[in-house]
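Take a look at the structure below.
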Amino acid sequence: MSNEKLNINQWAKEDRPREKMMLHGPGALSNAELLAILIGSGNTEDSAVELMRKVLDDCRNSLSELGKRSVDDLCAYKGIGPAKAITILAASELGKRRKDEGPSERLRVRCSQDIFLYFHPLMCDLPVEECWVMLLNQASRLIDALRISQGGLASTQVDVRCILREALLKRATALVLCHNHPSGNTRPSTDDDRLTQALSQAAKVMNIRMLDHLIVSDGGYYSYADEGRL
């Protein structure tokens, strides 16, 4: 059997760090594989993954210990120069800062004003209509906000099925619809009324609460919930 070392490009696709991450997500990769993606290449004897395994072995397989190494310490390894060493230490510092940040508190929707303050910066200067949906959890905290459609000066086409699909995929228990009127007139149109009614009824079938539908302009907003129309 040949002892010739395989180049990383000759590995099976599922064993290459980048391809493995694409196929299975970052959680499927070892620390050495993640670090190998950062340095890109190894040396004449070791692939990037094997090189980072050696570095981690010398750090007792501790990322915290790795982050304490200096550029000179890392450059002592064949195949790691200043640029790769700095990349490794920069990634370590980012990991430390992320940990220090702690979890960020997600927006909680209590009233129409909360919705308006979230969407107004996104919509106030748009030249065409856009329709967005807020997906919320049981505590009315934001899971995600997605643009559902983009249209013309006076209207945009919205597919209720697309909204409910996104809500189900994100496991949302409540939703809020929001779109803008570039004209500045916040009064709902007949089409707006039809959409609100159709989405509200469809959401009920899926046991999802529709909390509000806001129409936003640069000068203010209209809330179906505030007007008692939901």
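Each value in this text was obtained by applying a stated rule to the coordinates, not by laboratory testing. The structure displayed is predicted, hence computed values, not measured ones. Note: ideal-geometry Cβ built from the backbone for every residue, glycine included; neighbour counts use all protein chains shown.
For the ranges 111-118, 203-210, what's the packing order if you count other beta-carbon atoms within 10 Å of each residue, average per peptide, and put the highest first? Mind showing how you got there, number by number?
Details: 111-118: 17.2, 203-210: 14.6.
Taking the mean over residues of other Cβ atoms within 10 Å, the ranking is 111-118, 203-210.
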**Prompt:** Cα gyration tensor of the range 8-101, axes a ≥ b ≥ c as square roots of the eigenvalues: rounded (a/c below 1.5), prolate (a/b > b/c) or oblate?
**Reply:** oblate
**Message:** How much of the DSSP bridge set in the chain is antiparallel, in percent, rounded to the nearest 5?
**Reply:** 70 percent
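Where in the chain are the DSSP H helices whose alpha-carbon span along the long axis reaches 24 Å or more and whose Kyte-Doolittle mean is at least -1.0? Mind dumping the intermediate values first?
On the way: long enough: 82-101 (28 Å, -0.54).
Counting only whole DSSP H runs, the qualifying helices are 82-101.
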**Message:** Suppose each label sits 7 Å from its Cα in the direction of the beta carbon; what would the Arg194-Ser70 distance come out to in nanometres?
**Reply:** 7.3 nm
**Request:** Scan around Ile143 for amide H atoms under 5 Å from its own, H built in the peptide plane at 1.01 Å from N, and keep only partners 5 or more places away or cross-chain.
**Result:** Leu135, Leu136, Asn137
**Message:** One quarter of the convex hull surface, Cα atoms only: what value does that give for the range 143-230 in nm²?
**Reply:** 5.5 nm²
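Would you calculate, for the chain, the mean residue ellipticity at 222 nm contributed by helices, counting each DSSP H stretch of 4 or more residues as -39,500 (n - 2.57) and dividing by all residues, to the nearest 500?
Mean residue ellipticity, 222 nm, calculated: -12500 deg cm²/dmol.
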**Request:** Treat each spin label as a single point 7 Å out from the Cα along the C-beta direction, and report the Arg187 to Asn61 distance in nm.
**Result:** 7.0 nm
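What whole-number value in cubic angstrom gives the convex hull volume per residue for the C-alpha atoms of the chain?
Values: hull volume 44.1 nm³, N = 230.
Each residue corresponds to 192 Å³ of Cα convex hull volume.
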**Message:** If a paramagnetic tag sat 7 Å from the Cα of Asn31 along the Cα-Cβ line, which residues of the range 48-75 would have the backbone N under 14 Å from that point?
**Reply:** 52-69
**Item:** Under-5 Å amide H pairs with Arg209, H placed in peptide plane, nonlocal only
**Value:** Ala174, Leu175
